[in-house]
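Student: Dropping a structure here in structure tokens format, bear with me for questions.
The values are calculated or read from the model by the stated rules, or taken from the named source; none is laboratory data. Computed from a predicted model, the values in this text were never measured in an experiment. Methodologically, a virtual Cβ is constructed for each residue, glycine included, from the backbone with ideal geometry; neighbour enumeration extends over all protein chains shown.
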Amino acid sequence: MNQGTRFCPYCEEFLPLDDFGHNAAMKDARQKKCRVCSQIYTYQNCAKYWGLTSMTAAQWRALCKEYDHKCAACGKAEFLTVDHIEPYHAGSKFKGGFDLDNVQPLCLRCNSKKGQRIIDYRLAKRAGVSLEAKADAD
Ligand SMILES: [Zn+2]
Ligand SMILES: [Zn+2]
């Protein structure tokens, strides 16, 4: 048994304990899903609700790796949260989807700072590096 790691049944990987959020209701006070899976799971459910497709956990991990696990906005190596560049709000002008092409990795601070605005931080990265991360064309 690995000391200091925990098995996530969703991505089926052993991960450091810090990759699991706090949950007082659990035996070891950790969430069942790792933080990555928790995020993706939430958005996948959301997408399903609206009849849309969504990015997979594997796609998200690959994207984070492309960004060297750094925030697309401030460049700090922090825990990365899923930011939907154009948010999806049914019945409003925002119609961004949950797929990889509408997603960028942001730290919590940059994500909440951005809020509901449409700011594409990927452009800066693309200016230097060619990113062909699109899983499929439309
Ligand atoms: Zn996981
Ligand atoms: Zn940031």
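Student: Does Lys33 qualify as being within 16 Å of ligand 2 (Cβ to nearest atom), without any contact (Cβ under 8 Å) to a residue 60 or more places away in the chain, in contact with a helix residue (DSSP H, G or I) (Cβ under 9 Å, 6 or more places away or on another chain) and not acidic (Asp, Glu)?
Tutor: Numbers: within 16 Å of ligand 2 (Cβ to nearest atom): no; without any contact (Cβ under 8 Å) to a residue 60 or more places away in the chain: yes; in contact with a helix residue (DSSP H, G or I) (Cβ under 9 Å, 6 or more places away or on another chain): yes; not acidic (Asp, Glu): yes.
Considered against the rule, which asks whether it is within 16 Å of ligand 2 (Cβ to nearest atom), without any contact (Cβ under 8 Å) to a residue 60 or more places away in the chain, in contact with a helix residue (DSSP H, G or I) (Cβ under 9 Å, 6 or more places away or on another chain) and not acidic (Asp, Glu), Lys33 comes out as no.
Student: Quick one: Ala58 ticks every box in (1) in contact with a Lys or Arg (Cβ under 9 Å, 6 or more places away or on another chain); (2) within 27 Å of Glu12 (Cβ to Cβ) except a single one, so which number is it?
Tutor: (1) is the only condition that Ala58 fails.
Student: Next question. For the condition modelled with pLDDT under 95, of a type in the set (Lys, Arg) and in contact with a strand residue (DSSP E or B) (Cβ under 8 Å, 6 or more places away or on another chain), what is the one hit in Arg122, Arg117? Before the answer, list the steps.
Tutor: Working: Arg117 fails: in contact with a strand residue (DSSP E or B) (Cβ under 8 Å, 6 or more places away or on another chain).
None of the other options fit; the residue is Arg122.
Student: If you take the residues of the stretch 71-91 that are within 16 Å of ligand 1 (Cβ to nearest atom) and in contact (Cβ under 8 Å) with a residue 40 or more places away in the chain, which of them is surrounded by the fewest Cβ atoms within 10 Å (Cβ to Cβ)? Spell out how you get there, then give the answer.
Tutor: Step one: filter the stretch 71-91 for residues within 16 Å of ligand 1 (Cβ to nearest atom), giving 79-82.
Subset that is in contact (Cβ under 8 Å) with a residue 40 or more places away in the chain: 79, 81-82.
Values: Phe79: 15, Thr81: 18, Val82: 20.
Only one residue fits best here, namely Phe79.
Student: Which numbered condition trips up Lys70, out of (1) closer than 16 Å to Leu100 by Cα; (2) modelled with pLDDT of 95 or more?
Tutor: Failing condition for Lys70: (1).
Student: Anything in the stretch 40-61 that is part of a helix (DSSP H, G or I), more than 10 Å from ligand 1 (Cβ to nearest atom) and surrounded by 15 or more Cβ atoms within 10 Å (Cβ to Cβ)? List them, or say none. Walk me through it before giving the result.
Tutor: Pass one, the stretch 40-61, residues part of a helix (DSSP H, G or I): 40-49, 57-61.
With the extra rule that they be more than 10 Å from ligand 1 (Cβ to nearest atom), the set shrinks to 42-49, 58-60.
Those that are part of a helix (DSSP H, G or I), more than 10 Å from ligand 1 (Cβ to nearest atom) and surrounded by 15 or more Cβ atoms within 10 Å (Cβ to Cβ): Tyr43, Gln44, Ala47, Gln59, Trp60.
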